[in-house]
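Just so it is clear, none of the values below were taken in a lab; they were calculated from the coordinates. Bear in mind the structure is a predicted one, so any value in this text is a computation, not a measurement. Every residue, glycine as well, gets a Cβ built from its backbone with ideal geometry; the counts of neighbours run over all protein chains shown.
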Amino acid sequence: MNALALRIARLVEAGGPMSLADYMHLCMADPQHGYYAKRPAIGAQGDFVTAPEISQMFGELLGVWCASAWLAAGSPSPFVLAEAGPGRGTLMADLLRATAAIPGFRDAARVRLVETSADMRAAQRDRLAGLHPDIDWTESLPGPEGGPLLLVANEFLDVLPVRQYVKAGGAWRERCVVADVAGKLSTVLGAGAIDATILPPGHEAEPDGAVFEHAPAREAWVWQLAERLSEHGGAALLIDYGHGKSGFGDTFQAMRGHAAADPFAEPGMADLTAHVDFQRLAAAASEAGAVASPVVAQGEFLLDMGLAERAGRLGAGRDRAVQERLRGEAERLAGGAGMGSLFKALALCAPQWEAALESLPPFARRPAARPADPPAD
Ligand code: SAH
């Protein structure tokens with residue numbers, strides 16, 4: 001049994017069954033034994049590959065998005081250009097490179113990386129060396145000092161912990177982690193139930209065994225982001241795998257060496273995630289005062305942003321192999337069978353930025369406003 005499993009077993013012995021959210025948090029964030037403290041997570045050598053590691057075009061198009069939003073909002077200076085959960089720093093490197101020639105953007109930007117892991121920060125520092133004169137790190141969302149906020153986050157929300165509730169005997173009970181006498185971890189249904197008002201519509205009709213995932217930590221994070229945007233201006237683009245409509249299902253998973261693993265076998269050794277419920281996050285953001293775009297598939301978003309044209313431009317005058325590679329990357333990012341449909345994009349903005357961002361994807365996907373009803377006679 002590994003050291004973290006032993007600690008979790010002791011915690012369970014002392015405090016009773018542990019929520020999945022607490023378990024996830026310990027596995028990922030424990031400073032000594034947590035996943036991000038010690039594993040080379042991302043990339044071919046790691047456990048999973050992310051969009052910016054697949055193609056430079058991903059970070060470039062997100063850079064175009066940020067610069068377009070900034071220009072449309074009147075080129076505020078200074079502003080904070082932030083990324084939450086920047087991984088190896090690849091997305092931000094591509095974003096900065098792609099926007100270097102946009103007059104004023106680079107000089108106005110204060111680059112802030114929201115990152116809790118010291119190892120990841122070190123990797124980001126290496127990757128971004130020399131790319132911008134004002135780069136700094138924060139543990140949580142940057143404050144209002146640097147002006148309006150433009151934030152991107154890819155595969156960040158899915159690492160924030162979720163709770164699971166399982167329908168049993170007509171009630172929704174919380175799934176919790178326990179340990180047997182040998183310290184082996186498994187799950188049971190705990191005594192805790194969920195307030196029915198939090199459940200999506202249709203929960204009464206779900207059969208026993210149905211699972212509902214609730215992510216208060218994600219909602220709280222988006223709530224705080226939305227407040228920051230509405231009070232001090234700005235926009236954010238959140239990309240992750242998940243669903244555009246709230247529903248039921250068990251999406252809690254562990255990835256290790258590019259394969260699914262048992263999430264309870266060796267805590268801290270695998271990447272633990274669960275799908276993101278974008279409908280709830282959009283609702284939380286609106287309640288907190290920001291404007292939420294429609295939730296669109298990643299493929300749709302990237303194609304709207306000009307992925308095909310970008311691939312064409314990068315491949316122009318290059319040999320067949322390069323062109324084929326670029327086409328393959330675009331297909332992987334935007335194709336309907338994989339990331340293109342599983343991943344979703346949601347943008348948020350300050351109410352005072354809404355008019356400026358109207359024609360920018362994914363806001364541009366909003367159904368046209370219905371003409372006002374004719375006045376009654
Ligand atoms: N966006 C990157 C990496 C995603 S992995 C990419 O697309 O490749 C998740 C990242 O979030 C890692 O950098 C991890 O260290 C960071 N992270 C995890 N929990 C965090 C938290 N609570 N606050 C800030 N960063 C966090």
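Here are the numbers:
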{"item": "Backbone HN-Hα couplings from phi across segment 310-324 [Karplus 6.51/-1.76/1.60, Hz, Gly and Pro as x]", "result": "4, 4, x, 5, 5, x, 4, x, 9, 6, 3, 4, 5, 4, 5"}
{"item": "In sequence order, calculated HN-Hα J values of segment 105-120 (Karplus, 6.51, -1.76, 1.60; Hz; x Gly/Pro)", "result": "5, 5, 5, 7, 7, 10, 7, 10, 10, 8, 8, 9, 8, 5, 4, 5"}
{"item": "Listed residue (THR273, PHE156, ALA44) projecting farthest to the positive dipole end of the chain, Cβ model", "result": "ALA44"}
{"item": "Cβ-based exposure ranking for SER293, SER68, in which fewest neighbours within 10 Å come first", "result": "SER68, SER293"}
{"item": "Cα-based helix-to-principal-axis angle, 278-287 vs the chain, degrees rounded to 10", "result": "70"}
{"item": "In nm, spacing of pseudo-spin labels at TRP137 and ALA265 (7 Å Cα→C-beta vector)", "result": "3.1"}
{"item": "Helix 20-29 axis, angle to the chain major axis (alpha carbon atoms, nearest 10°)", "result": "60"}
{"item": "Electrostatic dipole magnitude of the chain [Cβ: Lys, Arg +1; Asp, Glu -1; Cα centre; debye, to 20]", "result": "800"}
{"item": "Helix-only CD estimate at 222 nm, as mean residue ellipticity for the chain, using -39500 (n - 2.57) per DSSP H run (n ≥ 4)", "result": "-10500 deg cm²/dmol"}
{"item": "Residues whose placed amide H lies under 5 Å from that of VAL114, excluding near-sequence neighbours", "result": "GLU83, ALA84, GLY85, THR138"}
{"item": "Full-extension gain in nm, GLN32 to GLU354, via 0.36 nm per residue minus C-alpha separation", "result": "111.6 nm"}
{"item": "For segment 268-300 and segment 206-226, distance of Cα centres in Å", "result": "10"}
{"item": "Sorted peptide list for 18-30, 250-262, criterion being average Cβ within 10 angstrom, highest first", "result": "18-30, 250-262"}
{"item": "Nearest-ten-degree value, helix 56-72 long axis tilted from longest Cα axis of the chain", "result": "60"}
{"item": "Neighbour-count ranking [beta-carbon atoms within 10 angstrom, fewest first] of CYS349, CYS176", "result": "CYS176, CYS349"}
{"item": "Extension gain from LEU11 to SER186, taking 0.36 nm per residue of separation minus the Cα-Cα distance", "result": "61.6 nm"}
{"item": "For LYS184, LYS245, LYS167, order by how many other beta-carbon atoms lie within 10 Å, fewest first", "result": "LYS245, LYS184, LYS167"}
{"item": "Inter-site label distance for ALA316 and SER77 at 7 Å from Cα along Cβ, in nm", "result": "2.9"}
{"item": "Cα shape, segment 1-83, gyration tensor, a/c 1.5 rule", "result": "prolate"}
{"item": "Simple label model, 7 Å out from Cα along Cβ direction - ALA205 to GLN45, nm", "result": "5.2"}
{"item": "Stretchable slack from ASN2 to ASP126, in nm (0.36 nm times residue separation minus alpha-carbon distance)", "result": "41.5 nm"}
